[in-house]
């Protein structure tokens, strides 16, 4: 990986601010109506000829938990750069990293936790760079009316409660397992889902009494779920590494935005911790 200057802080126009705010509000309304870390290197100098088939398209693969803030930032970037399209694909970090390793097209990859990085080619970011854009902690989510009357981790071991977790092979599942193990809690796990959004959906639909998910996903769900905080001494915090895989103009531009003060503000408003 090549060393370079720190990420330059860009200042989006008013068009970015308006669109980003609108997307974040829409995400929150939709939620209410419905059911360890890496180091950093800076953005390399822009190479207008680098990257994918079109310099006006940026393909971003990102952890499912980043859906709301990255969608807002992408729409704002598009509004600020007419003719540019930011294509977003969200899913399990483990799956996305494997897809990139197998040749799936991507300009930027943003993952939850550092474990999935091992599935990427060692030289994945040698023509671009890497930065930690946020952190996240775990939280218990229940249906809005909290029918199981859950107030602490220990409650998850009560007989008759149905608990759902992310698959053990994805970051949110591994983090939940670590939290439960540290607390000495063995819940009645009725299913393990492909990613954090699918896991939280089980709770929102009333198909489970509780889930252990990211704090940011409880925030994004709004009034659709009830959150129960996990004490820091028992909790697990994950870093979110972002890799840009080339130096195309808008790959660098969008990476700069995500790593900028505006990007950090969008991420923390969505429930993430600052990097």
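The values are calculated or read from the model by the stated rules, or taken from the named source; none is laboratory data. Quick caveat: nothing in here was measured; it's all calculated off a predicted structure. Neighbour counts are summed over all protein chains in view; Cβ atoms, including those assigned to glycine, are modelled from backbone coordinates with ideal geometry.
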For residue 241, state whether it is crowded, with 18+ Cβ neighbours inside 10 Å and in a loop (DSSP other than H, G, I, E, B). no
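Restricted to segment 57-87, and to residues that are part of a strand (DSSP E or B) and buried (at least 18 other Cβ atoms within 10 Å of the Cβ), which residue is nearest to the chain's Cα centre (by Cα)? Give the steps one after another, and end with the answer.
The first filter runs over segment 57-87 and keeps only residues part of a strand (DSSP E or B), leaving 57-63, 85-87.
The next check asks that each one be buried (at least 18 other Cβ atoms within 10 Å of the Cβ); those that pass are 57-63, 86.
Working: 57: 21, 58: 18, 59: 16, 60: 12, 61: 10, 62: 6, 63: 4, 86: 16 Å.
Out of the qualifying residues, it is 63.
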Yes/no for residue 109 being over 15 Å from residue 252 (Cα atoms) and crowded, with 18+ Cβ neighbours inside 10 Å: no
Considering segment 174-199 alone, what residues qualify as being in contact with a helix residue (DSSP H, G or I) (Cβ under 8 Å, 6 or more places away or on another chain) and crowded, with 24+ Cβ neighbours inside 10 Å? 195, 196, 199
Hits in segment 200-213 (condition: assigned to a helix (DSSP H, G or I) and in contact with a helix residue (DSSP H, G or I) (Cβ under 8 Å, 6 or more places away or on another chain)): 200, 204
Suppose the filter is in contact with a strand residue (DSSP E or B) (Cβ under 9 Å, 6 or more places away or on another chain), closer than 19 Å to residue 112 by Cβ and modelled with pLDDT of 95 or more; does residue 201 pass it? yes
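So, in segment 107-161, exactly how many residues are part of a loop (DSSP other than H, G, I, E, B) and either modelled with pLDDT under 95 or more than 17 Å from the chain's Cα centre (by Cα) (or both)?
Residues that pass the stated criteria total 24.
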With the requirement that a residue be surrounded by fewer than 18 Cβ atoms within 10 Å (Cβ to Cβ), under 18 Å from residue 269 (Cβ atoms) and touching a strand residue (DSSP E or B) at 6+ places or on another chain (Cβ under 6 Å), what does segment 217-238 give you? 227
